[in-house]
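Down below is the structure, laid out as structure tokens.
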Amino acid sequence: MTKKERPSPMIAFRKIFSQPRSVVSAIRLASVGVFCVTPFSFALTLSAQDVSNVGASSSLATAVAKEDPKSELASAQDVKVQAIYKAVGGPTSPKVPVYWNRYHDNEEIETILKQLETQFPRLVQIESVGKSTEGREMWIATITNREVGQEETKPGFWIDGGIHANEIQANEVALYTTWFLAEMHGENKFVQELLRDRVFYILPSMSPDSRHAHFYEPNSTNTPRTGQRDVDDDRDGKVNEDAFADLNGDGHITQMRIKDPNGRHKSHPKYANLMIPVEPGDRGEFTLLGIEGFDIDGDGRVNEDGDGSYDPNRDWPWKWEPGYVQRGAFRYPFSLIENRNMAEFVLKHPNIAGAQTYHNTGGMLLRGPGSKQDAYEASDLRVYDRIGKTGEKILPGYRYLNVANDLYEVWGGEIDWFHQMLGVFTFTNELFVSYNYFHQSSAGPEQSHEFDQLLLFGDGLVEWQEVEHPTYGKVEVGGFKKNWGRQPPGFMLQEECHRNMAFTLYHANQMPLLKVQSVSVKPIGNDLHEITAIVENQRWTPTHSAVDLKQKITPPVSVKLESSDFKVLTSQHSPDVLLRNSTVQEKDQANVQIPSVGGSSVVYVRWIVSGSGKGKVVVTSVKGGAAEAAVVLP
Ligand SMILES: [Zn+2]
């Protein structure tokens, strides 16, 4: 077909749009495949029957068409986007369009999750794990291919974000991951295999009340880190009676300064908004008066009793310490309803073998321990090191560190609860790093001002402006906005979401995955047979972390020979191909118990049986998955 013979693109779109959804899906997929034709001519030269055949020959196309045959979302725009060009590494034309260059409040997160559930009912299931302090539902998404295997027998991966609610991109990464897995399932083999073999539990908002507060109440980039339970911080019998005051009414809690020829600060020569200390002997221009606010309750102190003021990530039971030892700890372990809601869900899902909790800031891939009193076992460290080092490649500028020794000691942190009490390999990512500014590792206040000037065009700053202060008289307020400092600007947000998700999916893909590699049968005389199964862990994370084995957290791996035809007489297992130094099982010989299957290794399991007929080898591991294989004795 020559260019002249082709109808206009609009006619092409109408023609495509008039096809049933499954045909549209097939067209969409065919044009992302190996066909070297222009999308327009391809769509027009194939009949509906041809297109259906293309769909039938492509398992990916079938997968997409099956997702939601009744979807109303195959809009003209949907098709148009695909017909023009696909940017690799993301969904072609999402069923749930989301702008990833902006932040989403609680209601928007809920809407996106529910739309994903509607559009991908075979993959996404939404439920609330309970209500927050102020009565908000805490929505969690469970994502797996429900048509293959049982959810509870698949190794599970936990993701949460925003336990510190001011760290707002944390929730976005979790939400993006939910969206990406659902949207890419139809067109990416890696995601398909991941959702076939694993299940993801994703709780985007661990602290929804404070997310609401950060969005809609005056705050800084650093607040609120706390939850919203009432606390009498200054023990005067009143709660939250002296919070920040937004003196210029712009929604941003910034700094206050007053002109003072004897002050110890002056404006930076290049970045007028930046206050720098003066050298000894020099005279300054300003005295800094702290964070925007005044002494509301007249007790002589400013901003001393705002919302909450405890730390939800010092509330976890491993090595919990009271507030006078660990600042921010609340009353007792799990005294916060949001954490209890989450923990109840996690404890009902012992298949969780890997976990990720998102925070900001500073570009860190953190592992425990939180306390210097704890040391991780060497074999567990090997797993962490491998994931963490790969993470440093996936996330340029991020460093793989451990909390207690490289950062500061944390008592009662979530990461320790996961590792020490549940045996789960867990990372905390501290999102966003100043390396992102100019792809250089040096950092300082000048850099963020220069970045604001060159790339944000001043949008990150509140210019100093004069306001009337209730007690100080005329002062100036100004500084960074609440939405700049710890979180990426819009144009960097999607990249931050994607790279952090990629790190987490790398970790998730390395969770243990047990398969029956082979089953062999050998007659040994007297109507007896020797059956040998080779059980393989296809990933390099073991079925049991060292702490799990040591503390006996998770039951052993079970490799069971099931048959009503023949009788098991003896059994043994060994990691050695010749079954040297094997462990003989004394009782219940059919059901061989193996303490752990190491990463990227195999276990040989052997039974001596009498009789003949059919049976099967059934492998069950709480964190390593389920597998089976048939056995036939002649
Ligand atoms: Zn945090």
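The values are calculated or read from the model by the stated rules, or taken from the named source; none is laboratory data. No experiment lies behind these values; they were computed from the predicted model shown. For neighbour counting, all protein chains shown are included, and Cβ atoms are generated from backbone atoms with ideal geometry for every residue, glycine included.
Could you please find all residues in the range 267-326 being modelled with pLDDT under 95 and within 16 Å of the ligand (Cβ to nearest atom)?
Those that are modelled with pLDDT under 95 and within 16 Å of the ligand (Cβ to nearest atom): Gly308, Ser309.
Let me spell it out: the conditions are (1) modelled with pLDDT under 95; (2) touching a Phe, Trp or Tyr at 6+ places or on another chain (Cβ under 7 Å); (3) in a loop (DSSP other than H, G, I, E, B), and Glu446 meets all of them except one. Which number is the exception?
(3)
Filter the range 618-634 down to the residues that are of a type in the set (A, V, I, L, M, F, W, C) and either touching a His at 6+ places or on another chain (Cβ under 7 Å) or outside any strand (DSSP E or B) (or both) and list them by number.
As a first pass, look at the range 618-634 and keep what is of a type in the set (A, V, I, L, M, F, W, C): 618-619, 622, 626-627, 629-633.
Passing the criteria: Val622, Leu633.
Residue by residue, here is whether (1) crowded, with 21+ Cβ neighbours inside 10 Å; (2) in a helix (DSSP H, G or I) holds:
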{"residue": "Val383", "(1), (2)": "yes, yes"}
{"residue": "Ile387", "(1), (2)": "yes, yes"}
{"residue": "Pro396", "(1), (2)": "no, no"}
{"residue": "Tyr400", "(1), (2)": "no, no"}
{"residue": "Asp406", "(1), (2)": "no, yes"}
{"residue": "Asp416", "(1), (2)": "yes, yes"}
{"residue": "Gln440", "(1), (2)": "no, no"}
{"residue": "Glu450", "(1), (2)": "no, yes"}
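Quick check on the range 87-106. Is at least one of its residues modelled with pLDDT under 95, more than 30 Å from Thr361 (Cα to Cα) and not charged (D, E, K, R)?
Yes, the range 87-106 contains at least one residue that is modelled with pLDDT under 95, more than 30 Å from Thr361 (Cα to Cα) and not charged (D, E, K, R).
Considering each of Asp565, Asp548, Asp576, Asp527 in turn, give the residue that is farther than 30 Å from Ile168 by Cα and crowded, with 21+ Cβ neighbours inside 10 Å.
On the way: Asp565 fails: crowded, with 21+ Cβ neighbours inside 10 Å; Asp576 fails: crowded, with 21+ Cβ neighbours inside 10 Å; Asp527 fails: crowded, with 21+ Cβ neighbours inside 10 Å.
Of Asp565, Asp548, Asp576, Asp527, the one residue that is farther than 30 Å from Ile168 by Cα and crowded, with 21+ Cβ neighbours inside 10 Å is Asp548.
Kindly provide the set of residues from the range 357-374 that are under 14 Å from Gly391 (Cα atoms) and either away from the ligand (no atom under 13 Å from the Cβ) or among the polar types (S, T, N, Q) (or both), ordered by number.
Gly363, Leu365, Arg367
Considering every residue within the range 343-356, establish whether at least one is assigned by TED's automatic domain parsing to the domain that holds Met206, hydrophobic (A, V, I, L, M, F, W, C) and farther than 16 Å from Met421 by Cα.
Applying the first criterion (assigned by TED's automatic domain parsing to the domain that holds Met206) to the range 343-356 yields 343-356.
Checking the rest, the ones that are also hydrophobic (A, V, I, L, M, F, W, C) come to 343, 345-347, 352-353, 355.
Within this subset, residues satisfying the condition of being farther than 16 Å from Met421 by Cα are none.
No; the residues of the range 343-356 include none that is assigned by TED's automatic domain parsing to the domain that holds Met206, hydrophobic (A, V, I, L, M, F, W, C) and farther than 16 Å from Met421 by Cα.
Across the range 153-175, what is the total count of residues that are more than 16 Å from the ligand (Cβ to nearest atom), surrounded by 24 or more Cβ atoms within 10 Å (Cβ to Cβ) and in a helix (DSSP H, G or I)?
So the count comes out to 1.
Lys131 versus (1) under 30 Å from Arg486 (Cβ atoms); (2) more than 16 Å from the ligand (Cβ to nearest atom); (3) buried (at least 24 other Cβ atoms within 10 Å of the Cβ): which is the lone unmet condition?
All conditions pass for Lys131, except number (3).
Can we say Asp297 is of a type in the set (D, E, K, R) and in contact (Cβ under 8 Å) with a residue 60 or more places away in the chain? It would help to see each step written out before you state the result.
Numbers: of a type in the set (D, E, K, R): yes; in contact (Cβ under 8 Å) with a residue 60 or more places away in the chain: yes.
Judged against the criteria, Asp297 is a match.
Within the range 193-252, take every residue that is of a type in the set (Lys, Arg), within 19 Å of Asp160 (Cα to Cα) and assigned to a loop (DSSP other than H, G, I, E, B) and give me the one that is nearest to the ligand (Cβ to nearest atom).
Of the range 193-252, the ones of a type in the set (Lys, Arg) are 196, 198, 211, 225, 229, 235, 238.
Pick out the ones that are also within 19 Å of Asp160 (Cα to Cα) and you get 198, 211, 225.
With the extra rule that they be assigned to a loop (DSSP other than H, G, I, E, B), the set shrinks to 198, 225.
On the way: Arg198: 26, Arg225: 7 Å.
Result: Arg225.
Filter the range 266-287 down to the residues that are over 39 Å from the mean Cα position of the chain (by Cα) and assigned to a strand (DSSP E or B), then identify the one that is nearest to Gln453 (Cα to Cα).
It comes out as Ser267.
A quick yes/no check of all residues on (1) of a type in the set (Gly, Ala, Ser); (2) out of contact with any Lys or Arg (no Cβ under 9 Å at 6 or more places or on another chain); (3) not assigned by TED's automatic domain parsing to the domain that holds Ser545:
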| site | (1), (2), (3) |
| --- | --- |
| Gly362 | yes, no, yes |
| Leu366 | no, yes, yes |
| Ala378 | yes, yes, yes |
| Thr390 | no, yes, yes |
| Asn402 | no, no, yes |
| Trp411 | no, no, yes |
| Asp416 | no, no, yes |
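Among the residues of the range 333-351, is there at least one that is under 30 Å from Gln440 (Cα atoms), assigned to a loop (DSSP other than H, G, I, E, B) and more than 18 Å from the chain's Cα centre (by Cα)? Walk me through it before giving the result.
If we filter the range 333-351 for residues that are under 30 Å from Gln440 (Cα atoms), which is where we start, we get none.
Scanning the range 333-351 turns up no residue that is under 30 Å from Gln440 (Cα atoms), assigned to a loop (DSSP other than H, G, I, E, B) and more than 18 Å from the chain's Cα centre (by Cα).
For the range 428-437, give me the residue count where each residue is touching a helix residue (DSSP H, G or I) at 6+ places or on another chain (Cβ under 8 Å), of a type in the set (Phe, Trp, Tyr) and more than 13 Å from the ligand (Cβ to nearest atom).
Our first condition is that a residue be touching a helix residue (DSSP H, G or I) at 6+ places or on another chain (Cβ under 8 Å); within the range 428-437, this holds for 428-429, 431-432, 434, 436-437.
With of a type in the set (Phe, Trp, Tyr) added as a condition, the list becomes 432, 437.
Imposing the further condition that a residue be more than 13 Å from the ligand (Cβ to nearest atom) reduces the set to 437.
Residues that pass the stated criteria total 1.
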